Amino acid sequence: MFTHRHLLGLEGLSREELLSLIDTAATFKEISDRDIKKVPTLRGKTVVGLFYEASTRTRTSFEIAAKRLSADYINISASSSSSTKGETLLDTARNIAAMRPDALIIRHSAAGAPHFLAKRIDCPVINAGDGAHEHPTQALLDLLTIRDKVGRLDNLTVAIVGDILHSRVTRSNVHALRTLGNRVRLVGPPTLLPSEAGAWGEVHHDLRNGVRDADVVMMLRLQRERQGRNYLPSLDEYSRYFCLNRAALALAKPDAVVMHPGPINRGIEIASDVADGAASLIMQQVTNGVAVRMAILFLLVNRVRAAAPEVPAAEQVAPERRRKVG
Amino acid sequence: MGSILIAGGTVIDPANNRHEAADVLIVDGRIARLGAPGDAGEPDETIDAGGCWVVPGLIDMHVHLREPGYEYKETVQTGTQAAVAGGFTAVACMANTNPINDTGAVTKYIVEKAVAANLARVYPIGAVSVGLKGERLAEIGEMHEAGIVAVSDDGRPIMDSALMRHALEYSAMFGLAVIAHEEDLALAGDGCMNEGPTSFRLGLKGMPSAAEEAMVARDIALLERTGGRLHIAHVSTANSVDLVRRAKARGLAVSAEATPHHFTLTEEAVGDYDTNAKMAPPLRLSSDVQAIFDGLRDGTIDAIATDHAPHHHDEKNVEFDCAAKGIVGLETALPLCLALVREQALPIEALIRAMSVNPARILGVPGGSLADGAAADVTVIDPNATWRVEPDRFQSKSRNTPFGDWQMTGQARVTIVGGVVKWRMLEAAAEGRRKRNATR
């Protein structure tokens with residue numbers, strides 16, 4: 001049972017908490033298959049998304065999740081550099097919190113930004129990606145997708161390939177996969193895979209060794225700006241060694257699945273015929289993202305309601321109006 | 001000025017090879033006599049130092065007093081008030097003020113502010129380069145005449161090796177040490193903590209140890225050619241300690257300092273993005289902490305300095321990436337240092353050398369001795385006093401410390417500068433009690 005006030009990351013969550021989140025998410029999947037995709041669960045609740053970094057998939061997914069639960073969703077896209085705007089992140093968040101939302105979703109380029117806010121504002125905080133730190137809802141949707149396809153979430157060999165150093169998706173996934181009892185391999189060039197990663201999983205600099213006999217191959221998006229900072233000579237050279245093509249995928253288990261958090265760079269980290277091929281779960285990941293975010297909103301917003309004293313419906317009517325009615 | 005007798009304490013004066021029960025008499029601002037207990041005659045004032053250590057005044061050779069320009073963080077007045085409260089009778093202040101201390105006029109301004117504050121002695125450190133820009137040498141001679149005791153571009157590492165070479169050569173003409181903040185800026189990049197397991201876990205950009213070590217090695221290589229004196233500020237890594245140790249073995253004129261936070265905390269203090277654990281150089285690993293202690297014990301590290309770096313709450317109450325680097329140190333240094341004596345068997349003489357004798361020697365300033373006739377800068381330390389760190393009660397204007405709520409053992413009971421009592425812990429405690437009662 002997940003009883004935390006915030007969802008800041010998957011590090012430190014127990015196996016039971018992780019499975020409970022995934023189980024809850026699974027129950028929400030069906031709503032998106034209905035003709036009328038809306039339930040009244042969070043009617044009258046307000047959810048604010050505060051996106052300091054560009055995001056299409058995650059922002060839309062949260063918005064759809066909130067709306068399918070009947071919550072009112074407001075999105076704020078802000079410049080990542082709060083100082084240039086003149087208002088600090090904390091002041092912006094405090095102002096939003098003063099409007100009494102029931103949950104605040106935040107994406108920010110600074111690692112720890114959601115943790116910073118969670119300590120200072122009176123509102124559940126959901127981390128939608130903080131710098132290179134964590135992206136918990138992405139990892140949860142990855143887990144749900146694996147379980148849907150493979151049927152279990154333990155004793156799997158999962159290869160995560162790409163820019164490990166800067167990847168929040170990796171960090172959230174590694175915490176959860178290890179807690180659930182899976183083997184993690186981290187694959188990439190040494191510039192993007194520091195020695196510290198050895199404590200997190202098996203380190204490989206050779207894609208073929210990294211994916212050999214894997215059950216799951218998770219490809220990461222390569223940020224194009226990495227080549228300018230000399231992490232890489234060129235995108236071409238990166239793709240020569242780390243692009244998942246059919247030949248490389250053939251080394252994984254015959255029924256291995258391929259995942260990618262998106263947006264994909266076709267031909268750089270993943271070949272088109274793999275991204276679009278039978279082993280690819282990329283679109284299922286996106287579909288499951290809505291269910292995962294519905295589950296998180298449901299658990300965090302309802303937790304606040306459960307904690308508040310139950311007020312009988314009649315008491316909620318304003319006194320003067322009640323007199324008139326009476 | 002009259003006379004003060006410090007009675008009943010244990011005098012620890014390594015410069016004069018003394019460690020014994022003795023009274024200390026101060027007459028007209030100077031140490032008058034060191035004698036056996038009870039033979040001091042009739043002083044104007046007697047300080048009961050029973051159970052205390054009486055040591056030459058502590059000298060912090062690396063602080064930021066922020067004046068002129070950043071008076072909202074600290075002033076010469078508040079900074080020196082914090083100094084005497086922490087047991088320091090003198091501080092040397094870095095040049096990164098606004099305007100920067102790169103001219104005699106700014107040096108004089110700081111000196112005048114210190115005279116007006118009339119608390120701890122203040123020794124300004126001049127900039128190596130104009131505007132700390134790392135391009136052209138500042139007028140070191142003019143600043144020397146105005147009172148600087150060393151030169152440093154602290155906070156802005158000197159990336160231009162030729163400039164560093166010339167700084168070492170030129171400052172030697174005045175007998176001034178060049179104090180180097182060792183950090184290869186390209187390698188440190190926009191890192192905000194040590195590069196290691198914790199930065200990897202937290203997704204924060206790291207500064208590798210090599211960013212410091214490469215520059216320590218460079219400057220030792222330059223020193224070998226140029227002569228002059230090199231002082232390495234806030235050594236933070238095991239390899240840096242080793243580089244200094246080997247340079248000293250070759251007889252080079254290099255000295256080094258370490259901060260209490262670098263021998264007390266590891267990178268894990270960053271914990272859950274605590275911006276009070278953000279500083280440059282960053283907190284490192286436990287192996288580095290051990291190496292710094294070893295360096296202090298074998299004399300490789302000459303001095304303990306706080307790098308007292310006050311910042312306003314608003315500059316720390318932000319995302320970790322955006323937070324200002326640095327912590328205040330003057331009011332927490334002494335108990336953290338005493339812990340080395342109590343828990344790790346560092347000889348007390350070694351500690352007093354690192355906190356008083358050696359800083360005086362490196363900067364070429366008076367102090368570090370309780371010899372007859374010396375200026376009466378004296379710190380009376382109660383090694384057993386226990387107290388809790390309450391940042392809101394700091395004398396400093398700023399509260400940016402990772403040691404808030406720590407239980408400490410040991411504190412300065414009395415701080416005497418030039419024969420005048422500048423701080424009494426018992427009075428301060430009574431004052432605090434009065435204030436608390438008044439607000440009830």
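The values are calculated or read from the model by the stated rules, or taken from the named source; none is laboratory data. On a predicted model such as this, the values are computed, not experimentally measured, just so you know. As a convention, Cβ positions derive from the backbone with ideal geometry for all residues, glycine included, and neighbour counts pool all protein chains shown.
As an exercise: evaluate A:ASP72 against (1) farther than 24 Å from A:PRO261 by Cα; (2) buried (at least 19 other Cβ atoms within 10 Å of the Cβ); (3) more than 13 Å from chain B (Cβ to nearest Cβ) and give the number of the one condition it does not meet.
That leaves (2) as the condition not met.
Would you point out which residue out of B:VAL151, B:VAL130, B:VAL216 is β-branched (Val, Ile, Thr), more than 30 Å from B:LYS108 (Cα to Cα) and modelled with pLDDT of 95 or more? Break it down into steps so the answer makes sense when it comes.
Numbers: B:VAL151 fails: more than 30 Å from B:LYS108 (Cα to Cα); B:VAL130 fails: more than 30 Å from B:LYS108 (Cα to Cα).
Of B:VAL151, B:VAL130, B:VAL216, the one residue that is β-branched (Val, Ile, Thr), more than 30 Å from B:LYS108 (Cα to Cα) and modelled with pLDDT of 95 or more is B:VAL216.
Quick one: B:ILE125 ticks every box in (1) buried (at least 20 other Cβ atoms within 10 Å of the Cβ); (2) hydrophobic (A, V, I, L, M, F, W, C); (3) free of Cβ contacts under 8 Å to residues at least 24 places away in the same chain except a single one, so which number is it?
B:ILE125 satisfies all of (1) buried (at least 20 other Cβ atoms within 10 Å of the Cβ); (2) hydrophobic (A, V, I, L, M, F, W, C); (3) free of Cβ contacts under 8 Å to residues at least 24 places away in the same chain except (3).
Condition check ((1) under 24 Å from the mean Cα position of the chain (by Cα); (2) of a type in the set (D, E, K, R)) across all residues:
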{"residue": "B:ARG156", "(1), (2)": "yes, yes"}
{"residue": "B:ALA162", "(1), (2)": "no, no"}
{"residue": "B:GLU169", "(1), (2)": "no, yes"}
{"residue": "B:PHE174", "(1), (2)": "yes, no"}
{"residue": "B:ILE179", "(1), (2)": "yes, no"}
{"residue": "B:GLU182", "(1), (2)": "yes, yes"}
{"residue": "B:ALA186", "(1), (2)": "no, no"}
{"residue": "B:MET193", "(1), (2)": "yes, no"}
{"residue": "B:THR198", "(1), (2)": "no, no"}
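With the checklist (1) in contact with a Leu (Cβ under 6 Å, 6 or more places away or on another chain); (2) in a helix (DSSP H, G or I) in hand, flag the one item B:THR306 doesn't pass.
(2)
If A:ILE164 meets every condition in (1) aliphatic (A, V, I, L, M); (2) away from chain B (no Cβ under 12 Å); (3) touching a residue at least 40 places away in the same chain (Cβ under 8 Å) apart from one, which number is that one?
(2)
Go through segment B:261-303 residue by residue and tally those that are over 19 Å from the mean Cα position of the chain (by Cα), over 14 Å from B:ASN239 (Cα atoms) and assigned to a loop (DSSP other than H, G, I, E, B).
5
With B:GLY134, B:GLY126, B:GLY147, B:GLY206 as the choices, which residue is touching a Phe, Trp or Tyr at 6+ places or on another chain (Cβ under 8 Å), of a type in the set (Gly, Ala, Ser) and over 27 Å from A:HIS166 (Cα atoms)?
Values: B:GLY134 fails: touching a Phe, Trp or Tyr at 6+ places or on another chain (Cβ under 8 Å); B:GLY126 fails: touching a Phe, Trp or Tyr at 6+ places or on another chain (Cβ under 8 Å); B:GLY206 fails: over 27 Å from A:HIS166 (Cα atoms).
The conditions single out B:GLY147.
When the residues of segment B:290-322 are narrowed to those that are within 14 Å of chain A (Cβ to nearest Cβ) and not charged (D, E, K, R), which ends up surrounded by the most Cβ atoms within 10 Å (Cβ to Cβ)?
Residue satisfying both the conditions and the ranking: B:PHE320.
Among the residues of segment B:236-257, what is the count of those that are part of a loop (DSSP other than H, G, I, E, B) and farther than 14 Å from B:ALA214 by Cβ?
Qualifying residue count, segment B:236-257: 4.
Can you pull out the residues in segment A:159-183 that are in contact with a Lys or Arg (Cβ under 8 Å, 6 or more places away or on another chain) and either hydroxyl-bearing (Ser, Thr, Tyr) or surrounded by 23 or more Cβ atoms within 10 Å (Cβ to Cβ) (or both)?
A:ALA159, A:ILE160, A:GLY162, A:ASP163, A:ARG171, A:THR179 - these are the residues of segment A:159-183 that are in contact with a Lys or Arg (Cβ under 8 Å, 6 or more places away or on another chain) and either hydroxyl-bearing (Ser, Thr, Tyr) or surrounded by 23 or more Cβ atoms within 10 Å (Cβ to Cβ) (or both).
Which of the residues that make up segment B:328-345 are under 12 Å from the mean Cα position of the chain (by Cα), among the aliphatic types (A, V, I, L, M) and either closer than 16 Å to B:GLY206 by Cα or assigned to a loop (DSSP other than H, G, I, E, B) (or both)?
Of everything in segment B:328-345, those that are under 12 Å from the mean Cα position of the chain (by Cα), among the aliphatic types (A, V, I, L, M) and either closer than 16 Å to B:GLY206 by Cα or assigned to a loop (DSSP other than H, G, I, E, B) (or both) turn out to be B:VAL328, B:LEU330.
So, in segment B:207-239, exactly how many residues are in contact (Cβ under 8 Å) with a residue 60 or more places away in the chain and within 14 Å of chain A (Cβ to nearest Cβ)?
Adding up the residues that qualify gives 2.
Taking segment A:75-85 as the search range and keeping residues that are more than 10 Å from every other protein chain (Cβ to nearest Cβ) and assigned to a helix (DSSP H, G or I), which one is modelled with the highest pLDDT? Reasoning before the result, please.
To start, the set of residues in segment A:75-85 that are more than 10 Å from every other protein chain (Cβ to nearest Cβ) comprises A:75-80, A:84-85.
Pick out the ones that are also assigned to a helix (DSSP H, G or I) and you get A:84-85.
Numbers: A:THR84: 54, A:LYS85: 57.
The residue in question is A:LYS85.
Filter segment A:184-216 down to the residues that are away from every other protein chain (no Cβ under 13 Å), assigned to a loop (DSSP other than H, G, I, E, B) and touching a residue at least 40 places away in the same chain (Cβ under 8 Å), then identify the one that is surrounded by the fewest Cβ atoms within 10 Å (Cβ to Cβ).
A:ASP213
Inside segment A:127-143, can you point out the residues that are outside any strand (DSSP E or B) and more than 13 Å from chain B (Cβ to nearest Cβ)? Lay out the reasoning, then the answer.
Step one: filter segment A:127-143 for residues outside any strand (DSSP E or B), giving A:131-133, A:135-143.
Scanning segment A:127-143 gives A:THR137, A:GLN138, A:ALA139, A:LEU140, A:LEU141, A:ASP142, A:LEU143.
List the strands (runs of 3 or more DSSP E) inside segment B:40-87, counting only whole elements, that have at least 1 residues being touching a helix residue (DSSP H, G or I) at 6+ places or on another chain (Cβ under 9 Å). Don't jump to the end; show me each part of the working.
Values: elements: B:45-48, B:53-56, B:58-63.
So the answer is B:53-56, B:58-63.
From the list A:ARG59, A:ARG94, A:ARG120, A:ARG107, which one is more than 11 Å from chain B (Cβ to nearest Cβ), basic (Lys, Arg) and not in a helix (DSSP H, G or I)?
Of the residues listed, the single one that is more than 11 Å from chain B (Cβ to nearest Cβ), basic (Lys, Arg) and not in a helix (DSSP H, G or I) is A:ARG107.
Here is a list: A:THR41, A:THR88. Which entry is over 24 Å from A:ILE282 (Cβ atoms), among the hydroxyl-bearing types (Ser, Thr, Tyr) and within 14 Å of chain B (Cβ to nearest Cβ)?
None of the others qualify; the one that does is A:THR88.
Return a yes/no flag: does segment A:107-116 have any residue that is crowded, with 19+ Cβ neighbours inside 10 Å, within 14 Å of A:MET294 (Cα to Cα) and touching a residue at least 60 places away in the same chain (Cβ under 8 Å).
no
Can you spot a residue in segment B:194-206 that is touching a residue at least 24 places away in the same chain (Cβ under 8 Å), aromatic (Phe, Trp, Tyr) and either surrounded by fewer than 19 Cβ atoms within 10 Å (Cβ to Cβ) or within 14 Å of chain A (Cβ to nearest Cβ) (or both)?
No - not one qualifying residue is present in segment B:194-206.
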